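Novice: I have a structure I would like to understand better, so I am pasting it below and will then ask my questions one at a time.
The values are calculated or read from the model by the stated rules, or taken from the named source; none is laboratory data. Note that the structure is predicted; figures quoted are calculated from it, not measured. Here the Cβ positions follow ideal geometry from the backbone for every residue, glycine too, while neighbour counts run over all protein chains shown. To get the accessible areas, we keep the full protein, side chains included, count just its heavy atoms, and leave off ligands, DNA and RNA. Shrake-Rupley method; radii C 1.70, N 1.55, O 1.52, S 1.80 Å.
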Number of protein chains: 2
Amino acid sequence: MQNLQIGEAPELRHRRTSSDYIADALRDAINGGQLEDGAVLNQVELAEHFGVSRVPVREAIRRLEAEGLVEAAAHRRAVVRGLSLDRIAEVYELRALLEGHLTEQAVPNFDRADVERLNELNRQLREERDHARWLELNAAFHETLYAPAGRPTALELVDSLRQRGERYVQMWSGGRGLERTSQVAKEHTAIVRCVRRGDAAGARDAIVAHIEHTRDAVLKLHRAAAGNGDGSR
Amino acid sequence: MQNLQIGEAPELRHRRTSSDYIADALRDAINGGQLEDGAVLNQVELAEHFGVSRVPVREAIRRLEAEGLVEAAAHRRAVVRGLSLDRIAEVYELRALLEGHLTEQAVPNFDRADVERLNELNRQLREERDHARWLELNAAFHETLYAPAGRPTALELVDSLRQRGERYVQMWSGGRGLERTSQVAKEHTAIVRCVRRGDAAGARDAIVAHIEHTRDAVLKLHRAAAGNGDGSR
DNA sequence: AACTGGATGAATGTATACAGTAGTCCCGCT
DNA sequence: AGCGGGACTACTGTATACATTCATCCAGTT
């Protein structure tokens, strides 16, 4: 009954059910762009595709629905819920607000090791060429930045928002995206500098600016790529 | 194919499935205190209670899980997820942040009719004696305050946070709660005053103060009622 | 010719049945 | 007597089968 010191990660490691697996797979497919906005999620098709019955597929869809990634009215097909430009902008606006708050709370609690970890992650980010790995490192940087705040609920919300916006960042894998990734490293460096000298307000402003720049870059790419009938809804 | 002007409420009115119904019922039971923190959700029991099979019960639980109201590890019983004092405080902290933001965005978009509706709701709040109805009116007041902001995602987040905290407000139904409800009306009046004269920053500060006071009142009641082994987890 | 109405097919929602896992209790061992 | 291991029970996870709803198409009517 006592909490062991070993940590709680292992307990959930391989206990994944089909439903868990399918939910993750669908999430990745949506974020990766294989399932575009408005794509229909047919339970029978998905069940056959994954080689399971419809039951776990349904549960996976329910979860994605609660996460806001798909829309599923009763007795009607579930469809991937796309974000309009306005809503994309709003997601970043909220992230700026929440992550700024988290940063401000976190800075006073940083110790030397935390700062070094942050710096190291940013160094790796500069050198990483593989896009998927880059995204992971970027997520790790932000997590490390917010962890000392000790605000689990805020982290949940931010995670949820990142989840919703992630598919619109995937486009950075090539072309103009490279400019942005190097810019990101610079902005991260500015953040680290503030954290190091314990400047909470400065760090907050820096992360807010960082997220707003990211928003601008995403919107720019999205508008450019929106030759198709998009943006509405 | 065109959007009708009639509105979209009726389309979902009576299309509720068992799963929807059960999810709502469980939510209400959790928020109403019938299901306390740590209560076990046995699928078989619930299915018998509602007179259905386990399938819709499972789907309802998955939703509540995604909403953060219950905790459900694989192959293990789902339990109602209680909030520690720290997490309750955090929920209100986040609400202050988000609702302050929403208010600030909303104020410039208010027209005369919006202000009057807000004022009328506050008037009704002052006179309402039934606690359940009071909670509804209170929710309506806040919704009306934020609607002109045009920020659907932010509203979703706030809804989710209100959902999580609501069960800790139920205690106001009697005793010292009455003091708080009259205080709430006063704070609402201050907010309406700022809205009426278009003072966005003032309205934001007023709503932030309002939510922080609410937090203090909830924490105080919670601490007082916590003679039992509570507070942790 | 356009529209209403119902019948048909396909998809979703639910029930029942089966499979697998985790906790529990009891027995045997040290 | 305390501890470890294995069967048992109860519960969750999944598959299959049935019920219900929705959408589409076609015919009949105005």
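Novice: Carbon and sulfur atoms: what percent of the 1.4 Å accessible area of the stretch A:85-225 do they account for?
Specialist: 48
Novice: Counting only helical runs of four or more DSSP H residues, what would the 222 nm mean residue ellipticity of the protein assembly as shown come to if each run contributes -39,500 (n - 2.57) and the total is spread over all its residues?
Specialist: -21500 deg cm²/dmol
Novice: As I understand it, the value is the acute angle between the Cα axis of helix B:18-32 and the longest principal axis of the Cα atoms of chain B; what does it come to in degrees, rounded to 10?
Specialist: Taking Cα atoms only, the helix is inclined about 70 degrees.
Novice: Can I ask one more? Angle, helix A:85-106 long axis vs. longest principal axis of chain A, Cα atoms, 0 to 90°, nearest 10?
Specialist: Taking the Cα atoms of chain A, the angle to A:85-106 is about 40 degrees.
Novice: May I ask you to find the residues of the stretch A:62-90 that are shielded by at least 40 Å² of accessible area once the whole protein assembly is considered instead of their isolated chain (probe 1.4 Å)?
Specialist: A:Arg62, A:Arg63, A:Ala66, A:Ala74, A:Arg87, A:Glu90
Novice: Further question on the same structure: How far, in nm, would the chain grow between A:Thr189 and A:Asp159 when pulled straight, counting 0.36 nm per residue and subtracting the alpha carbon separation?
Specialist: The span from A:Thr189 to A:Asp159 would gain 8.6 nm if fully extended.
Novice: Ignoring ligands, DNA and RNA and using a 1.4 Å probe, state the total buried accessible area between B and A in Å², rounded to the nearest 100.
Specialist: 3000
Novice: So how tilted is helix A:152-165 from the main axis of chain A? Cα-based, degrees 0 to 90, rounded to 10.
Specialist: Its long axis makes an angle of about 60 degrees.
Novice: Taking a label point 7 Å from the Cα of A:Gln170 along the Cα→Cβ vector, which residues of the stretch A:27-57 have an amide N closer than 19 Å to it?
Specialist: A:27-42, A:46, A:49-50
Novice: Sticking with this structure for a sec: Let me know the shape class of the protein assembly as shown, please: from the alpha-carbon gyration tensor, a ≥ b ≥ c as square roots of the eigenvalues, rounded when a/c is under 1.5, otherwise prolate if a/b is greater than b/c, or oblate.
Specialist: Details: a/c = 1.30, a/b = 1.12, b/c = 1.16.
Cα axes put the protein assembly as shown in the rounded bin.
Novice: In nm, what is the difference between 0.36 nm times the number of residues separating B:Thr17 and B:Arg126 and their Cα-Cα distance?
Specialist: Result for the pair: 35.6 nm of gain on full extension.
Novice: Something else about it: Round to a whole angstrom and tell me the spacing of the C-alpha centers of the stretch B:138-213 and the stretch B:47-92.
Specialist: So the separation of the two Cα centres works out to 26 Å.
Novice: With a cap of 16 neighbouring Cβ atoms within 10 Å, and only residues DSSP puts in a loop, list the trypsin sites (Lys or Arg not before Pro) found in the stretch A:78-165.
Specialist: Hits after loop and neighbour filter: A:Arg129.
Novice: Additional query: Sort out the exposed loop GluC sites (Glu not before Pro) in chain A (DSSP loop, at most 14 other Cβ within 10 Å) and tell me the longest stretch that has none.
Specialist: Working: sites that count: A:Glu8, A:Glu36.
After excluding every exposed loop site, the longest remaining stretch is A:37-233.
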